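Please read the structure below before turning to the comments.
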Amino acid sequence: MTNTNSRPRRSSLYMPASNARALEKAKTLAADTIILDLEDAVAPEFKDSARDQACEALALGDYGAREMVIRVNAVDTPWFAQDMKSVCASKADAILVPKVCSAADIIEINAIMDRENSGGPMKLWAMIEMPLAILNIAEIAGMAHSTRLSGFILGFNDLAKEMRAEPDASRAIFLPAMAQTIMAARAHGLIALDSVYNDFNDPAGLAQECQQAKAFGFDGKSLIHPAQIDIANREFAPDDNKIAEAKAIIAAFSDPENAGKGAISINGKLTELLHLEQAKETLALAGAIEGASE
Ligand code: COA
Ligand code: MG
């Protein structure tokens, strides 16, 4: 199944919800998605104030067309119940839940959302960062049809810790998890975002990870620092060659000479109706990016 939602999600910037300066700065940043974090980026003594601050910022703030997501604390923490209550009553577009392990987790969280956000459109995104989540990824993704689940974000810092892995720059250790996650996401129409790149002073390394994730089919990358936004926005957008190629494919299939043909040759390359569909998706995404930057 193709994800028909062509809203750009090239860049998703995490920020500690305890950091008032970051919440304010977010209104000026070119990130497609802002993730206000109540979990790992917030120390225990600030959990309650960070939650209040995040919900208040959404109530007051002008975040424009940016998609606003709040990451709550995990289900087994003392903060989860109040996080869900408050965030469900907020203006967030989605709740991101960490440490999801199974379809049963999604059912439980979805039931809370239905109770606390009854009738509301709020979506559920899941962090894919536990070994069990990778093992259960197909059944978790399948919940997209009957619940609010609509997105996955990989979390390789936690996954490495749980695996006791020592990843290198190639991310070879994570390639199976990336393949499984994108396959499950695409099979069930979910958004799929890559993990973070910790070294925010290394633009070349970030660009390389973006290219790798894009090659897999990921929609974008989760980020930790504003300096990473422009790189992800560039790497996950269709480039000029890709746009020109898409236009050429659409033009060729609308040529009366090719009427009724399912497969044609363009510049000596087999081009089929599936490529026409891809070309339309590319232009839709490019149009959405242009629209968002106006
Ligand atoms: N979101 C919004 N603004 C951010 C930001 C973020 N994630 N990270 C840094 N900034 C802001 C800073 O507030 C500072 O703003 P100012 O110039 O107005 O004062 C500016 O960008 C430059 O910041 P810099 O000094 O380079 O970084 P730092 O040392 O203050 O912070 C981190 C470094 C890693 C602590 C910070 O980037 C951060 O908290 N990142 C997010 C961590 C997170 O959410 N983790 C959970 C998911 S993995
Ligand atoms: Mg994590």
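Counting other Cβ atoms within 10 Å as a rough exposure proxy, the listed residues Tyr197, Tyr63 run Tyr63, Tyr197 from fewest neighbours to most.
For Lys123, the residues 5 or more places off, or on other chains, whose built amide H falls under 5 Å of its own are Ala94, Ile95. Can you give me the angle between helix 47-60 and the longest principal axis of the chain, using Cα atoms only, in degrees from 0 to 90, rounded to the nearest 10? Helix 47-60 sits at roughly 50 degrees to that axis. Stokes-Einstein at 25 °C, 0.890 mPa s, Kirkwood radius from Cα pairs: D for segment 11-235 in µm² s⁻¹? Using the Kirkwood radius from Cα pairs, D works out to 141 µm²/s. Near Asp37, the amide H atoms lying under 5 Å from its own belong to Met15, Ala17, Arg71; only residues 5 or more places off or on other chains count, and H is placed 1.01 Å from N.
The angle between the Cα long axis of helix 203-216 and the longest principal axis of the Cα atoms of the chain comes to about 70 degrees, rounded to the nearest 10.
Quote the FRET efficiency, to the nearest 0.05, computed for Glu24 versus Gln82 with a Förster distance R0 of 41 Å and r equal to the Cβ-Cβ distance. Calculated transfer efficiency: 0.95. When the helices of the chain are scored as -39500 (n - 2.57) per DSSP H run of n ≥ 4 and the total is divided over every residue, the value at 222 nm lands at -13500 deg cm²/dmol.
For the residue pairs Lys25/Lys47; Lys47/Lys85; Lys47/Lys221; Lys25/Lys221; Lys123/Lys247, alpha carbon separations beyond 23 Å are given by Lys47/Lys221; Lys123/Lys247. What FRET efficiency comes out for Ala204 versus Lys247 if R0 is 30 angstrom and r is the Cβ-Cβ distance? Round to the nearest 0.05. Efficiency computed from Cβ-Cβ geometry: 0.45.
Among Gly142, Gly189, Gly262, the largest mean-square fluctuation in a Gaussian network model of the chain (Cα springs under 10 Å) belongs to Gly262. Segment 158-210 and segment 56-73 have Cα centres spaced 25 Å apart.
The Cα-based radius of gyration of segment 149-294, divided by its Kirkwood radius, gives an Rg/Rh of 1.04. For the Cα atoms of the chain, what angle does the longest principal axis make with the long axis of helix 103-116, in degrees from 0 to 90, nearest 10? Helix 103-116 and the main axis of the chain meet at about 70 degrees. Computed from backbone phi with θ = phi - 60° and the Karplus coefficients 6.51, -1.76 and 1.60, the 3J(HN,Hα) list for segment 285-291 is 5, 4, x, 5, 5, 5, x Hz; x is used for glycine and proline. By the count of neighbouring beta-carbon atoms within 10 Å, fewest first, Trp125, Trp79 end up ordered Trp79, Trp125.
Every read-out reported here was derived from the displayed coordinates using simple, explicitly stated rules and does not represent laboratory data. From a predicted model like this one, the values you see are computed outputs, not experimental measurements. Methodologically, a virtual Cβ is constructed for each residue, glycine included, from the backbone with ideal geometry; neighbour enumeration extends over all protein chains shown.
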